[in-house]
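Readers should treat all values here as calculations from the given coordinates under stated rules, not as data from a laboratory. Note that the coordinates shown come from a computational prediction; the quantities given were computed from them, not determined experimentally. Cβ sites come from the backbone with ideal geometry, for glycine too, and all protein chains shown count toward neighbours.
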């Protein structure tokens, strides 16, 4: 069950709403309440992959890369990841998942990708560009 709190007054409303539910739930055992930020949505995820696809014609490190590789490059640069040494001496980036990013952080990633794409001459497809107004 989710309850979104957008301002301080929402805290009081949340506890007025949740208190009877928590009290009833405690009869059956311990209750765990988790606080968090709204996570990325499906539209953002689709936009990320469309944008990464638009990078495919761009050459980097002497070759052209698929969208999944561009996602790794862009996410690593966005998070300023420093690779560590893997089991066989290979460089390994430790955090290339975007699935747990907050909605706000994901929007910042999309802006970063637009910036990197502009520097590299990416021609944005209609699919990648169509949702841009949502983030502008």
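Worth a mention:
- Of 57, 91, 20, the residue with the greatest mean-square motion in the GNM of the chain, using alpha carbon springs below 10 Å, is 20.
- Full extension of the chain between residue 30 and residue 127 gives 30.3 nm of extra length, using 0.36 nm per residue less the Cα-Cα distance.
- Modelled this way, with points 7 Å down the Cα-to-C-beta line, the labels at residue 21 and residue 100 are 2.4 nm from one another.
- Across 66, 119, 103, mean-square fluctuation computed from a Gaussian network of the chain (C-alpha pairs under 10 Å connected) peaks at 119.
- Distance in nm between pseudo-label sites at residue 43 and residue 82 (7 Å out along the Cβ direction from Cα): 3.8
- Mean residue ellipticity, 222 nm, helices only, the chain: the sum of -39500 (n - 2.57) across DSSP H runs of n ≥ 4, divided by residue count and rounded to 500, is -15500 deg cm²/dmol.
- When each of 72, 52, 84 is scored by the number of other beta-carbon atoms lying within 10 Å, the sequence from fewest to most is 84, 72, 52.
- Across region 42-135, the volume of the C-alpha convex hull divided among the residues equals 105 Å³ per residue.
- Length-normalised contact order of the chain in % [C-alpha pairs under 8 Å, at least 6 apart]: 26
- A Gaussian network model of the chain, with springs between Cα atoms under 10 Å, assigns the largest mean-square fluctuation among 113, 22, 32 to 32.
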